[in-house]
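Just so it is clear, none of the values below were taken in a lab; they were calculated from the coordinates. Here the structure is a predicted model, which is why all the values come from computation and not from measurement. Here the Cβ is made from the backbone with ideal geometry for all residues, glycine too, and neighbour counts use every protein chain on show.
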Amino acid sequence: MALLTRTSRVIGIDSHHEVSNPLRKNDVQLAALPRVDVDADPKWLKAWHQASAKVAGALALPTWSEQNLAAIFARSLPSGSSLFIGSSRPIRDIEAFAAPRADIEVFGNRGLAGIDGNTSTAIGISRVRPGRTFAYLGDIAFLHDVNALLNDAPNLTVVVVDNNGGGIFSTLPQRGVDHFEEVFGTPHDRDLTAIAAGFGIHVTRVGSLREFELALSKEHAALNVIVATMPSRDASADNLKSAIAAAEKALAV
């Protein structure tokens with residue numbers, strides 16, 4: 001919506017002819033853009049790589065934190081595996097803290113905030129992709145699609161980041177407002193291991209990096225769940241804030 005408030009020209013592109021400019025804000029409506037052959041500037045990519053290396057060297061993530069968990073998890077996946085990343089906080093943590101990898105196939109549902117159907121999507125991927133499949137989900141997303149656990153899923157490991165609620169909201173401006181927990185934090189106060197076990201699924205609860213790496217290294221022929229019990233959502237938000245500050249300092253000119 002912010003883009004639509006600009007006074008510059010708005011050009012809509014819809015190659016499938018499915019969107020009819022409902023807000024009537026487009027100055028021009030196109031079905032496609034002309035093909036343009038351009039050469040990439042290697043200096044641009046080099047600058048990003050250098051910046052990434054500086055930030056990586058400056059970060060000192062707490063060992064048992066959501067940020068470090070995302071980094072270790074992505075680094076530990078076997079080559080050739082498939083990864084589904086859950087919406088909201090998990091996909092942001094993977095994008096921010098995991099090192100790039102070209103040897104795994106990565107999937108995600110459209111939209112960063114759509115937490116419905118995440119487990120079902122991962123199960124579908126596991127049925128058609130060779131090798132091992134992994135899913136990295138938040139606890140609320142896991143609960144929103146818990147009935148998906150009724151389905152068979154070959155060689156699928158689901159990692160659930162359990163911080164007892166919607167952790168992303170603790171990183172946003174509404175943190176600390178009245179009724180925050182009731183409206184935004186939404187703590188589930190449920191034993192996720194017991195819920196998964198109720199479906200007859202192999203489940204492991206971990207509370208340290210060593211336990212997590214051990215559980216992740218074990219291969220299962222069927223669906224299995226790893227529940228990672230994390231520190232408080234406020235602690236995670238503070239860790240993220242510290243990481244951003246460290247990155248800004250490393251890149252300061």
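The fraction of all Cα pairs in the range 161-209 landing in successive 10 Å bins from 0 to the largest distance is 23, 38, 27, 12, 0, given as whole percents.
Once the Cα-Cα distance is subtracted from the 0.36 nm per residue extended length, the Ala246 to Ala53 segment shows a gain of 68.2 nm.
The label point for Arg175 and the one for Ser217, both projected 7 Å from the Cα toward the Cβ, are 3.4 nm apart. Calculated [222 nm] ellipticity per residue, helices only, for the chain: -10500 deg cm²/dmol; basis is -39500 (n - 2.57) per DSSP H run with n ≥ 4, divided by all residues, nearest 500. Annotation for the range 90-167: trypsin sites (Lys or Arg not before Pro) lying in DSSP loop with at most 11 further Cβ atoms inside 10 Å of their Cβ are Arg110.
Could you grab the relative contact order for the chain? Cα pairs under 8 Å, six or more apart, rounded to a whole percent. All intermediate terms of the calculation are to be shown ahead of the outcome.
Working: 383 pairs, mean separation 46.5, N = 253.
Relative contact order, the chain: 18 percent.
Peptides 148-161, 187-200, 232-245 ranked from most to least packed give 148-161, 232-245, 187-200, packing being the mean of other C-beta atoms within 10 angstrom over each peptide's residues.
May I ask you to list the lysines whose Cα is less than 17 Å away from that of Lys43, ignoring any residue fewer than eight positions away on the same chain? Result set, ordered by chain and number: Lys54.
Just in the range 189-253: which GluC sites (Glu not before Pro) are loop by DSSP and have at most 11 other Cβ atoms within 10 Å? List each step's numbers first, then the result.
On the way: sites: Glu211, Glu213, Glu219, Glu248; in loops: Glu219.
Sites meeting the loop and neighbour criteria: Glu219.
Multiplying the residue separation of Ala99 and Leu150 by 0.36 nm and removing their Cα-Cα distance gives an extension gain of 15.0 nm. For the residue pairs Lys46/Lys241; Lys218/Lys241; Lys46/Lys249, alpha carbon separations beyond 25 Å are given by Lys46/Lys241; Lys218/Lys241.
Distance from the Cα centroid of the range 64-90 to that of the range 193-253 is 9 Å (rounded to whole angstrom). The Cβ shell under 13 Å around Ser120 holds other residues with a net charge of -2, Lys and Arg each +1, Asp and Glu each -1. Kirkwood analysis of the Cα pair distances in the range 61-249 returns a hydrodynamic radius of 16.6 Å.
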